[in-house]
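Heads up, the thing below is written out as structure tokens.
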Amino acid sequence: MNPSFEASDICWSYGNKTILDHAALQLFPGECVGVVGINGSGKSTLLSILAGIKKVRGGNIRCYGHDLSENPRLYRKLTGYVPQENPLLEELSVKDNLRIWSNTPEGLDPALLESLGIDSYLNLKVRELSGGMKRRVSLAAALINNPPVLIMDEPSSALDLHHREVIQNYLREYTNRNGTVIMSTHDIEEIKRCTRILYIEGCHLLSKDASSAIKDLREELL
């Protein structure tokens, strides 16, 4: 099977501190890959680079054979990105926020809105929503153009159990349709549900199984 998304030779530094040193990865259709590591290890940095938000010199990022570094416009078509912080405009309604993100503003997918449980409050302003509602709207914004690859930074951060389950159920549906997910997480249950784990350790990406990643994460936090 050919990879749906791949990156190679990704480097990033803050001042004299190296965060990522020639990182490389391959993702495949139907996978949910977790990026794990202690706080400050570079999880958010890696995902923002993969999503085209942070620009790196050199390196290569490809999605279904397309070189995204040479054609940044393909990012919006081929990938959806959910950052850790809220990307929504608080004074606009849910519907208007989604229309801003959509490539076809007149057409919001009713099935997507219903599956994420946000179809009943489209006319509410974002500032009136709870944190869990905002997180689901952010996910809908990332998926509004039906991208084949979804990049998520701590998708369940600060959510209650109900909202976590809503998002996890949708991600299962998405990967069952051959969508590809890569997400950073420190949530043990999310780690267990991932197909594979990439662990950031010493500026490098290491492949680990879920149990080893959980064990190493706990040891590093001691």
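What to note about this one:
- Filtered residues of region 32-50 (kept if within 15 Å of the chain's Cα centre (by Cα) and open to solvent by 20 Å² or more (accessible area, probe 1.4 Å)): SER44
- Taking every residue in region 103-125 that is modelled with pLDDT of 90 or more and pairing it with any residue that is of a type in the set (S, T, N, Q) and surrounded by 15 or more Cβ atoms within 10 Å (Cβ to Cβ), at least 6 positions away or on another chain, the pairs with Cβ-Cβ distances below 6 Å are ASN123/SER93; LYS125/SER93.
- Residue within region 164-172 that is surrounded by fewer than 18 Cβ atoms within 10 Å (Cβ to Cβ) and not in a helix (DSSP H, G or I) present: no
- Of the residues making up region 146-163, just one is open to solvent by 40 Å² or more (accessible area, probe 1.4 Å) and modelled with pLDDT of 85 or more, namely ASN146.
- Selection within region 100-145 - under 27 Å from LEU25 (Cα atoms) and either surrounded by fewer than 18 Cβ atoms within 10 Å (Cβ to Cβ) or not charged (D, E, K, R) (or both): SER138, LEU139, ALA140, ALA141, ALA142, LEU143, ILE144, ASN145
- Here LYS134 clears all of (1) modelled with pLDDT under 90; (2) within 23 Å of THR79 (Cβ to Cβ) except the condition numbered (1).
- Yes/no for ILE53 being within 17 Å of the chain's Cα centre (by Cα), among the aliphatic types (A, V, I, L, M) and open to solvent by 40 Å² or more (accessible area, probe 1.4 Å): yes
- Of residues in region 82-99 being in a helix (DSSP H, G or I) and over 19 Å from the mean Cα position of the chain (by Cα), the one surrounded by the most Cβ atoms within 10 Å (Cβ to Cβ): VAL94
- Flag if LEU98 is touching a Pro at 6+ places or on another chain (Cβ under 7 Å) and in contact (Cβ under 8 Å) with a residue 40 or more places away in the chain: no
- Any hit, region 6-28, residues being among the β-branched types (Val, Ile, Thr), open to solvent by less than 40 Å² (accessible area, probe 1.4 Å), closer than 18 Å to PRO155 by Cβ and within 19 Å of the chain's Cα centre (by Cα): no
- Subset tally (residues that are more than 14 Å from the chain's Cα centre (by Cα), open to solvent by less than 80 Å² (accessible area, probe 1.4 Å) and among the hydroxyl-bearing types (Ser, Thr, Tyr)) for region 173-209: 1
- Close contacts from region 171-184, counting a first residue that is touching a residue at least 12 places away in the same chain (Cβ under 8 Å) and of a type in the set (Phe, Trp, Tyr) and a second that is open to solvent by less than 90 Å² (accessible area, probe 1.4 Å) and in a strand (DSSP E or B), with Cβ to Cβ under 8 Å and a gap of 6+ residues or different chains, come to TYR174/LEU150; TYR174/VAL181.
- Among residues of region 67-95 that are touching a residue at least 40 places away in the same chain (Cβ under 8 Å), those with a Cβ under 7 angstrom from a residue that is open to solvent by 30 Å² or more (accessible area, probe 1.4 Å) and outside any loop (DSSP other than H, G, I, E, B), sequence gap 6+ or separate chain, pair up as LEU78/HIS66; GLN84/SER44; ASN86/LYS134; LEU88/LYS134.
The values are calculated or read from the model by the stated rules, or taken from the named source; none is laboratory data. Keep in mind the model is a prediction, meaning the values are calculated, not measured. So basically every Cβ, Gly included, is an ideal-geometry build from the backbone, and we count neighbours across all protein chains shown. Surface accessibility is based on the protein's heavy atoms, side chains included, excluding ligands, DNA and RNA. Shrake-Rupley method; radii C 1.70, N 1.55, O 1.52, S 1.80 Å.
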